[in-house]
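Asks: Got a structure for you, written out below as structure tokens; questions coming shortly.
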Amino acid sequence: MKQLNTTKNEQSLNWVGKRVKRIDGPEKVTGELKYMTDLHFDNMVWGKVLRAKYPHAKIKSIHTLNAEKLPGVVCILTHKDIPGFNGFGIVIPDQPVLCSNIVRCTGDAICLVAAESEEIAERALELIDVEYELLEVVTDAEKAMTASAPQLHPDGNIHSHVKIKNGNTEEAFIEANIIVENTFYSPRQMHAFIETEGGWSVMDADGFITIHCPGQYAHRDRMQIARALAYNPERIRVISSPIGGAFGGKDEITVQIYLALLAMHTNGRPVKIHLSREESVIAGIKRHPFKVHMKTAAKKDGTLIANEVRAVADTGAYASLGGAVIALAIEHSCGPYKIPNVNLEGFCVYTNNGISGAFRGFGVNQVCMGIETHLDMIAERLNMDKVEIRKKNVYHQGEISSLGHIVKSSVGTFKTLELAENCDLWKNRRQYKSAVSEPWKKRGVALATSFHGIGMGIGLPDYGAASIEILSDGKFLVAVGCEEIGGGNSTAYAQVAAEILNCDINNIKVVQGDTSRTLDGGTVTASRSTYTGGRAVATAAPNMVKLLTNTAAELLNVPPSKIEVLPNCLNANGKVVNYQTIYQYLFEHHRSTRVEGHFILPKEKVEIEGSGGAPHHLYGYLTHVVMVEVDTLTGETDVLRVVSIPDAGKVINPQGLEGQAEGGAVMGIGYTLYEDVVIENGFHKTRNFTDYIIPTIRETPLIETFPVEDTPEESGPFGAKGIGEVVMIPIIAAIMSAIYDATGARIYHLPATPERIFNALKELKKQNVYSSR
Amino acid sequence: MLVSEIEVVTPATLKECLTMIANEDMNTRLIAGGTDAVVRMKEGKWRPSTWVNIKGLRELRYIIEKDGAIHIGPLTTHTDIIKSSLLQKKANVLVEASREVGAIQMQNVGTIGGNIGTASPAGDTLPALYVLNTVLELSTRNSKRIVPIEEFFTGPGRTILKKNEMITNIIVQPHGENEIGIFQKLGPRKAQSISIVNVAISLLMEKDRQVLSGKIAFGSVAPTIIRAKKCESILTLHPLTDEMIQNVAKVAWKEVMPITDVRATAEYRRDMASSLLERGLYRLMRRWENK
């Protein structure tokens, strides 16, 4: 890997590593920013989607005539109106744009309506008559895998099967002094973004289609749209930023294809679709519920010697990124530890339970709770310290992981554990635990650690790209494909650019998520956008410096070597050239004002057989320490304090990192204690935020963030690596263990609702009564 | 009925309002804070041809002490109640319950009359009103009647209120010198939540921990709010020691008949009736002793 010319020492950095205010902050905080779904035009028509009435049924006929006759209806489209391929899906396009013969979940789309008002469009949906023949509903992933289950797709219900084997687990289990074995169940978490799926689209007189729709990869969305429309992608523009939150839920196509199809039938009028929260709950992508069976073995001294995992993920009706989710889960199922003998297996299975896909953590959340709970159980049985057992088993840079590969990139786990061990909450936990306010309340303190791969893994091309343009007002326009989904990457890009260009951050404008204005630089997923986009900006910026220097040299008639790059200007022998002058000169001479930077992510060379893309070259690491208080009368659990200790390499913006760490912690609290989209027989019992419980500010504890920074990642911009997902992972296991620490009850089924905790406590009481007899 | 076809009329006075709802040709419904009405309208459940918007009827928004009782206008918001020093002093259990309604935004617009009229078995102010011996004044254009709150509800979302009738006054009995009250709620989270179980307790104390009489009302464990009469009678038998509290609380389990829904199972709700009563009595005794 070529070294960047960005290896200034810490003291000389002006922007990177500083608490820089978010560049998109003021307009978001004041509400001045308009999301694309906020926009309305006088000649706009409303689009609506007719969803399936049943979770699994044959479509016998679709009658749209009555709806077409309704005054105010502009058009009604069915599968017959799809010019191209009737399907989408990031990995395999198994989801119909509009169903023609079978519906596989209640989120399935059958017709599109455009009408003069939202109400008329809704009324038109009611007038469409779809005749169904009901089919048996597949509700359980384990049952879906059996021969007797109805087959939902031509290749059967097992969408993918990954397997990693290393060493010999059978022998290790015989040798072991301790074996723990448990099954863990995890919920169907909803992204619950503030802006539900939606957007608007318009086709001009020349047939050029523009789609304004929040997404996580505009260039790929455009390809999926073009495939369905059988349309030249160059004649389609996708604008995908700004976004009212995504978290993975807008990685897949949401409504882009519907918008494009409708725009072709509205005579040049803009058409808007904006899902209600209720429709978003039914049709939007969710986190895969997992069943994870894990068996872990250790020696008397706490050395882990074997781990066996069988994970089953319910991907619902369509694959989306389910195959990749289960692969990443299996890759991370042994934690950041070196376990010599492993036998790991994962299945991604079709059911009629909505659709699952990408979500912050991407499968690692569901397995982390298993391995981390087992570490604590083993430590307890050996009467060993919880930090000690982890320190003993973590891999270090250059060591062999549980998967059997040498980890070449930076590894911060050990450092994060050291910091955890020395933080106030852990050191003084006994004192904190005894400070309960009422006699029936119990407090517990626990920690957990985890990791998360950065980038796509083996088998998928992974690249970053950015361009920088000098503008007439002397500002620089930094263009990166990766959208600003709320994580703060725009500010990171501006910092990196300002640092290398040696200018004020106010001199940087950032544009993101627009196929016409930004280069294809991959997704905003996989904890990659600060690392990849930042590195791309750091690759483009020296080219801009060169352009500035050469132009200034020409202007002043001196050799480029005489030009000094000063803050906000260039200089030679006391003569100063500002950026506007350089722009003027380039413009007058018809020269390019724009430079590009491209870079390919480092990858491992050898794929672990059967793993579906493991290992990653890079991982981010994080340890959480939490304190909870359980009300044993009701089972209510309060998370009172969180300490988040990330290894993100060099931190580009401490304030941004804290934002991620705090948001991630709260999302992890929600996952562990409250959130689940309940589906029974293929129908959603959870309908909206009345019953989908996410944490509010009253459930948000004190969260402290202490990054470990002495493990910079050489390939990243200024030594940074990704952190966007792992910030919500170990806290899940930590809360579960803290509940145990407080009460003696272990919860294996999330969310750990008051009812589940109360019942576990009741069970415990019964056992105690029984054993004391 | 489409939402855009619904008319909204805004009467200037109570009299005008009562005249409007008396019109049998008009399919009307009252709307005040709208925290329930708008949601039901969105769901398609409440689609009258005319909303009678009473939000601005100042004459129905008051908290006053009169003839030894406290009169609360039905358009009094939860926030009004929370901020009332009179209620804080003499009917604190209602103040506590109002604090648990939804979140601050809903407390600012939601009204006590609306909370009663919606008749949800989980309505947070209702158990408090039960233990404060509340009576309601119901008015039509030509008549008035006074009904104890316990006789007002007929089932979930159902009341004895006639189409031409509305709640015009809520009269609660204030706490005396030795009376204390508390409201306890269990929801799926601390704010913005619908009660899984709630309970209001009001005790008349003698001395130390001896209870002269007590009232306990549970929400969300039966088709309407219910009084736990057995628990109430046991309360007075012995001083309310911590052990006695546990014994009383256990009885609550037998006095409720909850159902299973998406928020909780019937079994858990039953257990929680006991738990909340125990927690409430415990906290109330601490307060009493610190008084």
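The values are calculated or read from the model by the stated rules, or taken from the named source; none is laboratory data. The structure presented is a predicted model; accordingly, all values stated were derived computationally and were not measured. Cβ coordinates were reconstructed from backbone atoms using ideal geometry, including for glycine residues, and neighbour counts include every protein chain displayed. With ligands, DNA and RNA removed, areas are computed over all heavy atoms of the protein, side chains included. Shrake-Rupley method; radii C 1.70, N 1.55, O 1.52, S 1.80 Å.
Asks: Tally up the residues in the stretch A:437-449 that are more than 14 Å from chain B (Cβ to nearest Cβ) and either β-branched (Val, Ile, Thr) or not in a strand (DSSP E or B) (or both), please. Give the derivation first.
Replies: Of the residues in the stretch A:437-449, the ones more than 14 Å from chain B (Cβ to nearest Cβ) are A:442-449.
Checking the rest, the ones that are also either β-branched (Val, Ile, Thr) or not in a strand (DSSP E or B) (or both) come to A:445, A:449.
Here the count works out to 2.
Asks: Taking only pairs six or more apart or across chains, which ones have beta-carbon atoms under 8 Å, a first residue in the stretch A:632-654 that is farther than 18 Å from A:GLU725 by Cβ and within 14 Å of another protein chain (Cβ to nearest Cβ), and a second residue that is of a type in the set (Ser, Thr, Tyr) and in a loop (DSSP other than H, G, I, E, B)?
Replies: Qualifying pairs under 8 Å: A:GLY635/A:THR753.
Asks: Considering only the stretch A:687-704, I want to know if a residue exists there that is open to solvent by less than 30 Å² (accessible area, probe 1.4 Å), more than 14 Å from chain B (Cβ to nearest Cβ) and either out of contact with any helix residue (DSSP H, G or I) (no Cβ under 6 Å at 6 or more places or on another chain) or part of a loop (DSSP other than H, G, I, E, B) (or both).
Replies: No, the stretch A:687-704 has no match at all.
Asks: Can you name every one of the helices (runs of 4 or more DSSP H) wholly within the stretch A:485-590 that holds 1 or more residues which are closer than 19 Å to A:ARG22 by Cα and open to solvent by less than 40 Å² (accessible area, probe 1.4 Å)? Reasoning before the result, please.
Replies: On the way: elements: A:489-501, A:529-556, A:579-588.
Result: A:489-501, A:529-556.
Asks: Based on this model, can you work out whether A:ILE470 counts as more than 31 Å from the chain's Cα centre (by Cα) and not assigned by TED's automatic domain parsing to the domain that holds A:ILE757?
Replies: Details: more than 31 Å from the chain's Cα centre (by Cα): yes; not assigned by TED's automatic domain parsing to the domain that holds A:ILE757: yes.
Here the answer is yes, as A:ILE470 does meet what is asked.
Asks: Please enumerate the residues belonging to the stretch B:27-75 that are over 18 Å from the mean Cα position of the chain (by Cα), assigned to a loop (DSSP other than H, G, I, E, B) and not charged (D, E, K, R).
Replies: If the condition is that a residue be over 18 Å from the mean Cα position of the chain (by Cα), assigned to a loop (DSSP other than H, G, I, E, B) and not charged (D, E, K, R), then B:ASN27, B:GLY44, B:TRP46, B:PRO48, B:SER49, B:ILE54, B:GLY56, B:LEU57, B:GLY68 are the ones that fit.
Asks: Hey, another quick one. Could you check the stretch A:211-225 and list, in sequence order, the residues that are open to solvent by 10 Å² or more (accessible area, probe 1.4 Å) and out of contact with any Phe, Trp or Tyr (no Cβ under 8 Å at 6 or more places or on another chain)?
Replies: Scanning the stretch A:211-225 gives A:TYR217, A:HIS219, A:ARG220, A:ARG222, A:MET223.
Asks: Just give me the residues in the stretch B:151-167 being in contact (Cβ under 8 Å) with a residue 60 or more places away in the chain, open to solvent by 60 Å² or more (accessible area, probe 1.4 Å) and in a strand (DSSP E or B), in sequence order.
Replies: Just the residues of the stretch B:151-167 that are in contact (Cβ under 8 Å) with a residue 60 or more places away in the chain, to begin with: B:153-156, B:163-167.
When the remaining residues are screened for being open to solvent by 60 Å² or more (accessible area, probe 1.4 Å), the result is B:154, B:156, B:163.
Answer for the stretch B:151-167, where residues must be in contact (Cβ under 8 Å) with a residue 60 or more places away in the chain, open to solvent by 60 Å² or more (accessible area, probe 1.4 Å) and in a strand (DSSP E or B): just B:THR154.
Asks: Something else: Suppose we keep only residues that are part of a loop (DSSP other than H, G, I, E, B) and farther than 17 Å from A:ARG287 by Cβ within the stretch A:671-684. Which one would you say is nearest to the chain's Cα centre (by Cα)? Explain how you work it out, then say what you get.
Replies: If we filter the stretch A:671-684 for residues that are part of a loop (DSSP other than H, G, I, E, B), which is where we start, we get A:674-678, A:681-682.
When the remaining residues are screened for being farther than 17 Å from A:ARG287 by Cβ, the result is A:681-682.
Numbers: A:ASN681: 28, A:GLY682: 25 Å.
Only one residue tops the list, namely A:GLY682.
Asks: To continue, here is another question. I need a count of the residues in the stretch B:249-263 that are surrounded by 16 or more Cβ atoms within 10 Å (Cβ to Cβ) and either in contact with a strand residue (DSSP E or B) (Cβ under 8 Å, 6 or more places away or on another chain) or more than 14 Å from every other protein chain (Cβ to nearest Cβ) (or both).
Replies: Summing the residues that are surrounded by 16 or more Cβ atoms within 10 Å (Cβ to Cβ) and either in contact with a strand residue (DSSP E or B) (Cβ under 8 Å, 6 or more places away or on another chain) or more than 14 Å from every other protein chain (Cβ to nearest Cβ) (or both) in the stretch B:249-263 gives 5.
Asks: With the requirement that a residue be in contact (Cβ under 8 Å) with a residue 24 or more places away in the chain and farther than 18 Å from B:VAL147 by Cα, what does the stretch B:168-186 give you?
Replies: Restricting attention to the stretch B:168-186, the residues satisfying the condition of being in contact (Cβ under 8 Å) with a residue 24 or more places away in the chain are B:168-176, B:178-186.
B:HIS175, B:GLY176, B:ASN178, B:GLU179, B:ILE180, B:GLY181, B:ILE182, B:PHE183, B:GLN184, B:LYS185, B:LEU186, listed by residue number.
Asks: Also, quick follow-up: For the stretch B:248-270, enumerate the residues that are more than 13 Å from B:PHE218 (Cβ to Cβ) and part of a helix (DSSP H, G or I). Before you say what the answer is, go through the steps one by one.
Replies: Initially, the stretch B:248-270 is screened for residues more than 13 Å from B:PHE218 (Cβ to Cβ), giving B:248, B:250, B:259-268.
Answer for the stretch B:248-270, where residues must be more than 13 Å from B:PHE218 (Cβ to Cβ) and part of a helix (DSSP H, G or I): B:VAL248, B:LYS250, B:ALA266, B:GLU267, B:TYR268.
Asks: Follow-up question, since we're still on this one. In the same structural domain as A:PHE414 (by TED's automatic domain parsing) and farther than 17 Å from A:ASP676 by Cβ: is that true of A:THR705 in this structure?
Replies: Details: in the same structural domain as A:PHE414 (by TED's automatic domain parsing): yes; farther than 17 Å from A:ASP676 by Cβ: yes.
Spelling it out, A:THR705 is indeed in the same structural domain as A:PHE414 (by TED's automatic domain parsing) and farther than 17 Å from A:ASP676 by Cβ.
For every residue, the table says whether it meets (1) of a type in the set (A, V, I, L, M, F, W, C); (2) surrounded by fewer than 19 Cβ atoms within 10 Å (Cβ to Cβ); (3) over 21 Å from A:GLU704 (Cβ atoms).
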site	(1), (2), (3)
A:ARG429	no, no, no
A:GLU438	no, yes, yes
A:THR449	no, no, no
A:GLY464	no, no, yes
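Asks: Something else now. Which residue is nearest to the chain's Cα centre (by Cα), if the candidates are limited to the stretch A:719-773 and must be more than 14 Å from chain B (Cβ to nearest Cβ), crowded, with 21+ Cβ neighbours inside 10 Å and over 24 Å from A:ALA329 (Cβ atoms)?
Replies: Only one residue fits best here, namely A:ALA720.
Asks: Quick one: A:PRO717 ticks every box in (1) in contact with a helix residue (DSSP H, G or I) (Cβ under 6 Å, 6 or more places away or on another chain); (2) under 23 Å from A:ASN353 (Cβ atoms) except a single one, so which number is it?
Replies: Going through the list (1) in contact with a helix residue (DSSP H, G or I) (Cβ under 6 Å, 6 or more places away or on another chain); (2) under 23 Å from A:ASN353 (Cβ atoms), A:PRO717 breaks only (2).
Asks: Can you name every residue in the stretch A:35-55 that is aliphatic (A, V, I, L, M) and in a helix (DSSP H, G or I)? Outline the logic, then answer.
Replies: First, pick out the residues of the stretch A:35-55 that are aliphatic (A, V, I, L, M): A:36, A:39, A:44-45, A:49-50, A:52.
Once the filter is applied, which keeps residues that are aliphatic (A, V, I, L, M) and in a helix (DSSP H, G or I), the stretch A:35-55 yields only A:MET36.
Asks: Pick out the one residue from A:GLY620, A:GLY668 that is out of contact with any Pro (no Cβ under 6 Å at 6 or more places or on another chain), under 27 Å from B:LYS185 (Cα atoms), away from chain B (no Cβ under 11 Å) and touching a residue at least 12 places away in the same chain (Cβ under 8 Å). Break it down into steps so the answer makes sense when it comes.
Replies: Working: A:GLY620 fails: under 27 Å from B:LYS185 (Cα atoms).
None of the others qualify; the one that does is A:GLY668.
Asks: Confirm whether A:GLY455 is at pLDDT below 95, buried (at least 20 other Cβ atoms within 10 Å of the Cβ) and assigned to a loop (DSSP other than H, G, I, E, B). Steps first, please.
Replies: Numbers: at pLDDT below 95: yes; buried (at least 20 other Cβ atoms within 10 Å of the Cβ): yes; assigned to a loop (DSSP other than H, G, I, E, B): yes.
Here the answer is yes, as A:GLY455 does meet what is asked.
Asks: Do you know which residues across the stretch A:315-349 are under 23 Å from A:LEU135 (Cβ atoms) and open to solvent by 10 Å² or more (accessible area, probe 1.4 Å)?
Replies: From the stretch A:315-349, those under 23 Å from A:LEU135 (Cβ atoms) are A:315-320, A:322, A:347-349; that's our starting set.
Across the stretch A:315-349, the qualifying residue is only A:PHE347.
Asks: Criterion first (touching a Cys at 6+ places or on another chain (Cβ under 7 Å) and crowded, with 20+ Cβ neighbours inside 10 Å) does A:ILE378 satisfy it? It would help to see each step written out before you state the result.
Replies: Working: touching a Cys at 6+ places or on another chain (Cβ under 7 Å): no; crowded, with 20+ Cβ neighbours inside 10 Å: yes.
Taking the combined requirement at face value, the residue does not satisfy it.
Asks: Further question on the same structure: Looking only at the stretch B:106-116, decide whether some residue is outside any helix (DSSP H, G or I) and under 14 Å from the mean Cα position of the chain (by Cα). Give the derivation first.
Replies: Residues of the stretch B:106-116 outside any helix (DSSP H, G or I): B:110-111.
Okay, now just the ones that are also under 14 Å from the mean Cα position of the chain (by Cα), so B:110-111.
Scanning the stretch B:106-116 turns up at least one residue that is outside any helix (DSSP H, G or I) and under 14 Å from the mean Cα position of the chain (by Cα).
Asks: Separate question: Against the condition in contact with a strand residue (DSSP E or B) (Cβ under 6 Å, 6 or more places away or on another chain), open to solvent by 40 Å² or more (accessible area, probe 1.4 Å) and at pLDDT 95 or above, how does A:VAL74 come out, does it pass? Show your work before the answer.
Replies: Details: in contact with a strand residue (DSSP E or B) (Cβ under 6 Å, 6 or more places away or on another chain): yes; open to solvent by 40 Å² or more (accessible area, probe 1.4 Å): yes; at pLDDT 95 or above: yes.
Yes.
Asks: Related question: Might you let me know whether the stretch B:211-221 holds any residue that is charged (D, E, K, R) and over 30 Å from B:LYS66 (Cβ atoms)?
Replies: no
Asks: Go through the stretch B:117-150 and count every residue that is in a loop (DSSP other than H, G, I, E, B), surrounded by fewer than 23 Cβ atoms within 10 Å (Cβ to Cβ) and at negative phi. Spell out the reasoning first.
Replies: So in the stretch B:117-150, the residues in a loop (DSSP other than H, G, I, E, B) come out as B:119-124, B:132-134, B:140-143.
Still in the running and surrounded by fewer than 23 Cβ atoms within 10 Å (Cβ to Cβ): B:119-122, B:133, B:140-143.
Checking the rest, the ones that are also at negative phi come to B:120-122, B:140-143.
Residues that pass the stated criteria total 7.
Asks: Looking at B:GLY114, B:GLY181, B:GLY123, B:GLY176, can you tell me which residue is farther than 26 Å from B:GLU278 by Cα and not aliphatic (A, V, I, L, M)? If you could, list the steps in order and put the result at the bottom.
Replies: Working: B:GLY181 fails: farther than 26 Å from B:GLU278 by Cα; B:GLY123 fails: farther than 26 Å from B:GLU278 by Cα; B:GLY176 fails: farther than 26 Å from B:GLU278 by Cα.
Checking each option against the conditions leaves just B:GLY114.
Asks: Quick one: which of B:GLU24, B:GLU16 is open to solvent by 50 Å² or more (accessible area, probe 1.4 Å), farther than 25 Å from A:ARG123 by Cα and assigned to a loop (DSSP other than H, G, I, E, B)?
Replies: Values: B:GLU16 fails: assigned to a loop (DSSP other than H, G, I, E, B).
The match here is B:GLU24.
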